[in-house]
Every structure is written in C-alpha cells, then in structure tokens.
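Read-outs throughout are calculated quantities, based only on the coordinates presented, and are distinct from any laboratory measurement. Predicted model only: the values in this text are computed from it and were never measured. Note: ideal-geometry Cβ built from the backbone for every residue, glycine included; neighbour counts use all protein chains shown.
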Amino acid sequence: NVTVPYKMAVIPYLVSTDKLAADVESVNTLVRTEGGYRGYNTDMSGLYRAMQEDKVEIKDRDVVILGAGGVGRAIAFLCAQKGAERVTILNRSVDKACSVAEEVKEKTGYQAIHARTIAEAGRLDGRDYLAIQATSVGLFPDSEKAAVEDSAFYEKVGTGYDLIYRPAETKFMRLVKENGKEAYNGLKMLLYQGVEAFELWNDVAVSKETADRIYQRMEQELSGK
C-alpha cells in the first residue's frame, strides 16, 4: 500500500497501471508481477464497490461532487468511467473545478461534466442528485459544519454519500436525511479499498459474509463499543 504523498510519485517506477489509476494519476496499491509492480487505485474501486453494496448506482445518475481536490478529482473520473448521466463539480474555487472537468473531458472523452462554485449549490437545475461529499468539511472534531448549508440544495438530493466516516453521521448526512433521503458515510469505502487490495495481492475473492463481519467490527471500533 502507498499513501500520501507517494501516490503519484511512485508511478514512474511501475511497469503498468490500471486505467482508472492512470487517469487520476494516483496509485495506492502495488501488485508484484513478473516484470515489476503494477499499480491500482483501490480507493475508487473500493468506493464503487461500497456504493453497489448500498444499492447506490452511478450509471445514468445526475451526480454532484462537492470538492475538487484529489479525492473529488478521482471521483469525477470514476463517474465518467461508470456512465453517469451528468457530473457537476462544486468547489469554492471554480477555476480548480473547471480544471478537473477539462482534464476529465480530455482524458476520457466524457463531455457531460460541468463546474460551478459551491455557493451556487442551491441554484442547480435538476433533481434527485447523487451528491458525493469529497471535502474535509465536517470531519471530527469540526463535526457541526457542512460544505453546503443551503436547504434548497438538499431538497434536490436523492442520495447522499459522504466519504468522511468519523463522525459516523456528518452534518451533510443529517441534512440529506432531514429531507427523507438515504445518506451513507465513508466507512464502507474504507473497508472495500482494503478488501480490494487484499484480493489483488492474494488472487482471491473475499466473500460478502467475511466483509460484513469486518465491517461490523469497524463500526464497533468507531462507536467505541
């Protein structure tokens, strides 16, 4: 496993990378092959697997990504790869969001991606968004903040997915739930990025039953029980 600040620095030393890792220029898992190491990004494949477990689909969804940092950028590529109907990136700096959108278009050919300032969240058109919270706002101990506070935005959210897992319920999640919609935290993503790495290293498939048991232990540890 490779973590910050080496996720990009390691790439020149690899013999190959999978497509998503190459697009986002971020590798967190190295697998030994006969000719050298191959790089993968199990953060994003783990997120996608977590979403599938939660019955949350990206394909044909109108996706709004909060944040255009490294994680938000990677999610934009994931959404393009998985066939989102439209992707809107919201960020405090619209220039940064525009840069990510243009990079996705150039590298993948996916054109249905747009950038707006996060202050415009409540004025977006459309409804039933899959809103993915990819900023650090709301992370413990600063738990009573959300990247978007505008109630008009949450009225349009169909499903909320926050990559933060401490606290287990962020303010972003509470605001989604107050409008009667489902919201999930990032703990299952944390689980599955590790599961996917383990599977790649050992050429095995981890059963759902095993993954569920690990997840329960992670939840207990997070709640302090």
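Brief remarks on what is shown
- Partners for Lys145 among aspartates and glutamates (Cα-Cα distance below 17 Å; same-chain residues under 8 apart left out): Asp162, Glu169, Glu178
- Anchor Lys55: lysines whose Cα lies under 18 Å away (excluding residues fewer than 8 positions away in-chain): Lys82, Lys177, Lys181, Lys188, Lys208
- The stretch 56-184 - charge dipole about Cα centre, Lys and Arg +1 at Cβ, Asp and Glu -1, debye rounded to 20: 180 debye
- What separates the Cα centres of the stretch 160-185 and the stretch 27-96 is a distance of 19 Å.
- Rounded, prolate or oblate (a/c below 1.5 giving rounded, otherwise prolate when a/b exceeds b/c) for the stretch 56-184 by Cα gyration tensor: prolate
- Helical content of the chain, expressed as a calculated mean residue ellipticity at 222 nm, amounts to -12000 deg cm²/dmol (DSSP H runs of 4 or more residues, -39,500 (n - 2.57) each, divided by residue number, nearest 500).
- Local electrostatic count at Ile113 - Lys and Arg +1, Asp and Glu -1, tallied over other residues with Cβ under 12 Å: 0
- Karplus-derived HN-Hα couplings along the stretch 201-207 (A = 6.51, B = -1.76, C = 1.60, θ = phi - 60°), whole Hz, x at Gly and Pro: 5, 10, 6, 9, 10, 7, 5
- Each listed q (0.07, 0.12 Å⁻¹) maps to a log10 I(q)/I(0) for the chain from the Debye sum over equal C-alpha point scatterers, namely -0.22, -0.65.
- Computed from the alpha carbon atoms alone, the convex hull of the stretch 122-185 holds 66 Å³ per residue.
- Lys/Arg +1, Asp/Glu -1 at C-beta; the stretch 82-194 dipole; positive extreme among Ala152, Leu130, Gly194: Gly194
- 3J(HN,Hα) along the stretch 193-198: 5, x, 4, 5, 4, 4 Hz, from the Karplus curve 6.51 cos²θ - 1.76 cosθ + 1.60 with θ = phi - 60°, whole Hz, x for Gly and Pro.
- Note on the chain: with charges restricted to the Cβ of Lys and Arg (+1) and Asp and Glu (-1), its dipole about the Cα centre is near 120 debye.
- Computing FRET efficiency as 1/(1 + (r/R0)^6) for Arg213 and Asp95, where r is the C-beta to C-beta distance and R0 is 45 Å, gives about 0.50.
- Between Ala9, Ser99, Ala112, the Cα set farthest toward the positive side of the dipole of the chain (charges on each charged residue's Cβ, about the Cα centre) is that of Ala9.
- Rough spin-label spacing in nm, given labels placed 7 Å along Cα→Cβ, for Glu144 and Asp125: 3.9 nm
- Stretchable slack from Ala205 to Ala112, in nm (0.36 nm times residue separation minus alpha-carbon distance): 30.0 nm
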